[in-house]
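Q: Handing you this structure, nothing more for now.
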Amino acid sequence: MPEGTLERGTAVELTDATMPRAAKLSSELAILVTEREPSALGLAESSIEVDVVDVGEIEGVELTDLKSLLREKLAPLDRETREAILAKLADLASLQGRASFELSASLYGIREVLRERLPRCVVSEEHPAGLAVERILAVDDTSFWVNGWAHDEDGRCEVVLVSPEGGRVDITPVAFRAPRPDVVQFYAGRGADRTADHGFTAYFQVPAPSALAAGWVAELHTGDGLQVEVQCPAVMHDANAVRSAILGELGSRGRIGGPLAEDHGRHALTRLQERIVAESKVESVDIYGVPPRKAAVSVVVPLYKRLDFLEHQLLHFSRDPELSGADVVYVLDSTEQTEELQRLARELFALHRVPFRVVNLTAGAGYAAANGHGIALARAKRLLLLNSDVIPDRPGWLGEMIEFHDRVDGIGALAPKLLYEDDSLQHAGLYFHRPAASEVWENAHCFKGMHRSFGPANVARAVPAVTGACMLIERKDYEEVGGLPLHYVQGDYEDSELCLRLAAAGGSNWYLPTVELYHLEGQSYLPGVRRVPSEYNMWLHTALLGERIEQTMAEFDPNATVAGAGD
């Protein structure tokens, strides 16, 4: 049986030369221990083989409890053999679809019986070596983030992490190292100056899923042969808390970028976003009124925290006959407000009589994924992505956008003029700006802050990108370029990447000034909450698309007043 694979229905061969015993690891899997006698096989000595098999395949084999099997068969083996068995079990535990808390707990019990314990590391001023793991974060069940520090007198130490299930990872070659003045001060006069960067941070992966919060061990191996270990703190598993912690660390080191972001933060946060999206499913769909059977457009609106925006938006929709004929889909991304929204939605439909649906999720997914859930249920061939804090200035705006979209060939995404409450411009098309001495491209708004009547802002034209706060797009175009990307945090830069993809596919993104709406912009978050996520998203956007952005801006003048369609 090849290591790391398990075919259901594979028979366990029993011969006179084997004396197998087995014990359950979980409801589905068992550990099978086979002792081979030298007299039967012509071997110099007996040997032990260990496999993980389906429980249904151990019929006729003596089934014993796990503790007895370990104590009688495996614990007496020599250190090298026990370590080989642990490594094999860690590999076999990665069988697809077999990860579970029950299995992890069993493997942890095996590890504790078989592993060779090292002396406990005692951190003191007099001790020649020290190790501390301050935090382990679970990115997903096979990916983790660790922080800590290590010290030895010659600066050549290695740090190895051991999962509760027995998986071993040497993080030394990949860890990001940083100065720790507190450690230098603590070990003053004891060779601390020879270890330039005591602190370590690493995103790493283990060979098999790890579901337990407790049980991680860290080992320190020094250049002079000293080997010690420490128990690690409990693993943090909550996805949103883990994301906040990683972003906080990236932001605490100044402007985001460099090896920590590139080699660790980017990989961890991308995997974490995948986990967050995967955990978000459609739980139910509430229908208010009778949605139109054939709609020209599906209006998809994510809702997050500020449910009062729904009241204002539906009030304006009720004054526009076009919206009664649209397929309006709200997606609640703050799932703790489900019951509150249900009460409010019933009241608002009774008051305004505008048909709409509400998509309830099992977990929050973020801006892009929330839109994705709504789009998956949308019924029309056109999509209008709309923020809940966007309020129409007058009726007829949606039809005007559709008419312009149909009239101009090759439109990728189309967006209108967006205004602040004081009638100054918030959006008149997006371009990209790289500040002096910066390597990062920022999203910038053409003519932002000027009055709505400013002449150059009242010309319809093709622009590098438009905002997702109000974006009209053909569903087939949206799907062909992969939709809104899911790797950004909390909703930022997804719209500009979508527009760049549309342009790469041959489309043009257009700004339409004759349609005006108000945008209350960014009021779903407390002040300061989005600073670090926005900086990370800006950096990631540049890392992924920097060359394409540079080419785009070489051909675009944000201040140009070139006449376009619709003049």
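Q: Does Ala99 meet the test of being modelled with pLDDT under 85, within 37 Å of the chain's Cα centre (by Cα) and not in a loop (DSSP other than H, G, I, E, B)? Step through it out loud before you land on a result.
A: On the way: modelled with pLDDT under 85: yes; within 37 Å of the chain's Cα centre (by Cα): yes; not in a loop (DSSP other than H, G, I, E, B): no.
Spelling it out, it is not the case that Ala99 is modelled with pLDDT under 85, within 37 Å of the chain's Cα centre (by Cα) and not in a loop (DSSP other than H, G, I, E, B).
Q: When only residues in segment 263-288 that are assigned to a helix (DSSP H, G or I) and over 8 Å from the mean Cα position of the chain (by Cα) count, which is nearest to Ser334 (Cα to Cα)?
A: Filtering segment 263-288 down to residues assigned to a helix (DSSP H, G or I) leaves 263-278.
Still in the running and over 8 Å from the mean Cα position of the chain (by Cα): 263-267, 278.
On the way: Asp263: 31, His264: 29, Gly265: 25, Arg266: 25, His267: 26, Ala278: 16 Å.
Top of the filtered list is Ala278.
Q: Identify all residues within segment 122-139 that are surrounded by 20 or more Cβ atoms within 10 Å (Cβ to Cβ) and in contact with a helix residue (DSSP H, G or I) (Cβ under 8 Å, 6 or more places away or on another chain); write none if there are none.
A: Matches in segment 122-139: Gly130, Leu137, Ala138, Val139.
Q: Give the residue, chosen from Ala241, Ala234, Ala245, Ala211, that is buried (at least 18 other Cβ atoms within 10 Å of the Cβ) and either within 22 Å of Leu118 (Cα to Cα) or under 19 Å from the mean Cα position of the chain (by Cα) (or both).
A: Working: Ala241 fails: buried (at least 18 other Cβ atoms within 10 Å of the Cβ); Ala234 fails: buried (at least 18 other Cβ atoms within 10 Å of the Cβ); Ala245 fails: buried (at least 18 other Cβ atoms within 10 Å of the Cβ).
Going through Ala241, Ala234, Ala245, Ala211 in turn, the sole match is Ala211.
Q: Only one residue in Leu77, Leu118 is in a loop (DSSP other than H, G, I, E, B), more than 16 Å from Gly167 (Cα to Cα) and modelled with pLDDT of 90 or more, so which one is that?
A: Working: Leu77 fails: modelled with pLDDT of 90 or more.
Step by step, each of Leu77, Leu118 is checked, and only Leu118 is in a loop (DSSP other than H, G, I, E, B), more than 16 Å from Gly167 (Cα to Cα) and modelled with pLDDT of 90 or more.
Q: Oh, and also: Report yes if some residue within segment 239-262 is in a strand (DSSP E or B) and free of Cβ contacts under 8 Å to residues at least 24 places away in the same chain; otherwise report no. Before the answer, list the steps.
A: Filtering segment 239-262 down to residues in a strand (DSSP E or B) leaves none.
Within segment 239-262 (the criterion being in a strand (DSSP E or B) and free of Cβ contacts under 8 Å to residues at least 24 places away in the same chain), the answer is no, since none of the residues qualifies.
Q: Could I ask something else about it? Mind checking which residues of segment 504-534 are modelled with pLDDT of 95 or more and under 26 Å from the mean Cα position of the chain (by Cα)?
A: The one that is modelled with pLDDT of 95 or more and under 26 Å from the mean Cα position of the chain (by Cα): Ala504.
Q: Further, regarding this structure: Would you mind telling me which numbered condition in (1) at pLDDT below 95; (2) farther than 18 Å from His312 by Cβ Glu403 fails?
A: (1)
Q: Moving on. Taking Ser453, is it more than 17 Å from Gly374 (Cα to Cα), in the same structural domain as Gly410 (by TED's automatic domain parsing) and over 24 Å from the mean Cα position of the chain (by Cα)?
A: Working: more than 17 Å from Gly374 (Cα to Cα): yes; in the same structural domain as Gly410 (by TED's automatic domain parsing): yes; over 24 Å from the mean Cα position of the chain (by Cα): yes.
Against the criterion (more than 17 Å from Gly374 (Cα to Cα), in the same structural domain as Gly410 (by TED's automatic domain parsing) and over 24 Å from the mean Cα position of the chain (by Cα)), Ser453 qualifies.
Q: Here's a follow-up. I need the full set of residues from segment 211-237 which are at pLDDT below 95 and over 25 Å from Gly130 (Cα atoms), in order please.
A: Matches in segment 211-237: Ala211, Leu212.
Q: Of all residues in segment 269-295, how many are surrounded by 16 or more Cβ atoms within 10 Å (Cβ to Cβ) and of a type in the set (A, V, I, L, M)?
A: Total satisfying the criteria: 5.
Q: I'd like the residue in segment 395-418 that is touching a residue at least 24 places away in the same chain (Cβ under 8 Å) and assigned to a loop (DSSP other than H, G, I, E, B) and, out of all such residues, is surrounded by the fewest Cβ atoms within 10 Å (Cβ to Cβ). Before you say what the answer is, go through the steps one by one.
A: Within segment 395-418, the subset touching a residue at least 24 places away in the same chain (Cβ under 8 Å) is 395-402, 404-405, 407-408, 410-418.
Pick out the ones that are also assigned to a loop (DSSP other than H, G, I, E, B) and you get 395-396, 408, 410.
On the way: Pro395: 14, Gly396: 13, Val408: 17, Gly410: 10.
Step by step, filter segment 395-418, then rank; the result is Gly410.
Q: Can you work out which of the residues in segment 46-66 that are at pLDDT 80 or above and surrounded by fewer than 13 Cβ atoms within 10 Å (Cβ to Cβ) is farthest from Leu114 (Cα to Cα)?
A: Gly56
The values are calculated or read from the model by the stated rules, or taken from the named source; none is laboratory data. The structure displayed is predicted, hence computed values, not measured ones. Using ideal geometry, Cβ is built from the backbone for each residue, glycine included, and neighbour counts are taken over all protein chains shown.
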